[in-house]
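Laboratory data are not the source of any read-out in this text; all were calculated from the coordinates shown. Keep in mind the model is a prediction, meaning the values are calculated, not measured. Reconstructed Cβ throughout: ideal geometry from the backbone, glycine too, with neighbour counts over all protein chains shown.
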Amino acid sequence: MRALLLVNPKATSTHRRTRDVLIRALGAAVDLSVEETAYRGHATALAATAHAKGFDAVAVLGGDGTINETVNGLLDARPAGGASERPALIVIPGGSANVFARALGLPNNPVEATGAVLEALREGRRRTIGLGQAIWHDEVSGPDPGADAPPDQQRSRYFTFCAGLGYDAEVIRAVEGLRSAGHRALPALYVNTTVRHFFVTDRRRPALRLTRPGRPTEDGIFMAIVSNTSPWTYAGTRPINPTPWAGFETGLDMLGLRKMSLPVVLSFVRQITGEHRGLPRGKHLVQIHDEAAFTLHASRPVAFQLDGDYLGEHEWVIFRAIPDALQVFV
């Protein structure tokens, strides 16, 4: 088997010596070529050429952002046979949260995860998973999706585990600013930023509206969490699980929050932190499960994130489930 390994040299939880050990271990199992990513979007460009260059698999040693770029490169290449023809994905977690790897059942430790991946390679064990896709206009004030914006004015991107509009995306935007100033992406940074940002965000004017084909419109939503799997994220070792029914084998789930008062948010946080199987409850929640497609509209530009990557402010985003999109060694 020929495999291309994409390494993010700035990955949070690995250093050069660890990366060298993991590369040697993986190279003993497959015919391995190694590329280091050098800039944002580099993993997408490299992964997009993997099929044409004859690679059977693309491995990623990095965090959720590098994995997302790689997945988008693999799907953008669009080989004729779909998931069965495009290179399979190999994931070795190297970031701070590693939500996608953990959702697949891999250990959070990169050395232990490499051992699990090597076992999957020996046994030829693959899992076919679905992805999400987000579509939006390239400009902040682009036409509503009902106006049929020309395709060349639209942007799209696949996501592996989550997307969001509103408060959670605002937090990610703030964290990215702190990281660019030199702060490490530790769980405490996200928690502290989430708490601080709650008191400065607009909690009086809900901006979002949910529309689905053949269903009533849901108005007055402050924030919307879109999930392709569960959990949504982690606070250290504790899962944060607002959409516990979401999974790689179903459509997309969404949870919207209609009220952002402190008592409502505290009750919501208690319900989604830790191991919970039931859905969160509350009259201020909007919940959908296993949806093929829906659209979130905004009355004003709203922050948007995808797989933990801030993507600017937008006034509408279409979400679609892409079933059986990718094979993963796991």
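Ranked by how many other Cβ atoms sit within 10 Å of their own Cβ, fewest first, the residues Leu26, Leu279 fall in the order Leu279, Leu26.
Each other residue within a Cβ distance under 15 Å of Phe161 adds +1 if Lys or Arg and -1 if Asp or Glu, for a net charge of -4. All C-alpha to C-alpha distances of the chain, sorted into 20 Å bins beginning at zero, yield P(r) values of 32, 58, 9 percent in whole numbers. Which angle from 0 to 90°, rounded to the nearest 10, does the C-alpha axis of helix 16-27 make with the longest principal axis of the chain? The answer is roughly 60 degrees.
Normalised by the number of residues in the chain, the average gap of Cα pairs under 8 Å and 6 or more apart makes the relative contact order 21 percent. Considering only the other residues whose Cβ falls under 13 Å of the Cβ of Asp76, what net charge follows from Lys and Arg at +1 and Asp and Glu at -1? Net charge around Asp76: +3.
At an R0 of 35 angstrom, the distance between the Cβ atoms of Val269 and Val111 translates into a FRET efficiency of 0.60. Each peptide in 126-133, 252-259 gets a packing score, the mean of other Cβ atoms within 10 Å over its residues, and the list from highest to lowest is 252-259, 126-133. If you line up the long axis of helix 167-180 against the longest principal axis of the chain, both from Cα atoms, how many degrees apart are they, to the nearest 10? It works out to around 50 degrees. Between Glu35 and Glu85, full extension at 0.36 nm per residue minus the direct alpha carbon distance yields a gain of 15.8 nm.
How high is the relative contact order of segment 132-324, given as a whole-number percent (alpha carbon pairs under 8 Å, six or more residues apart)?
Details: 395 pairs, mean separation 56.6, N = 193.
Over segment 132-324, the number comes to 29 percent.
With the convex hull drawn around the C-alpha atoms of segment 2-124, the volume per residue stands at 91 Å³. Between Ala50, Ala181, Ala246, the Gaussian network model of the chain with springs among Cα atoms under 10 angstrom shows the greatest mean-square fluctuation at Ala181. The mean sequence separation of alpha-carbon pairs under 8 Å and at least six residues apart, normalised by the residue count of segment 231-285, gives a relative contact order of 40 percent. When the chain is treated as a Gaussian network with alpha carbon springs shorter than 10 Å, the biggest mean-square fluctuation among Leu296, Leu306, Leu32 belongs to Leu32.
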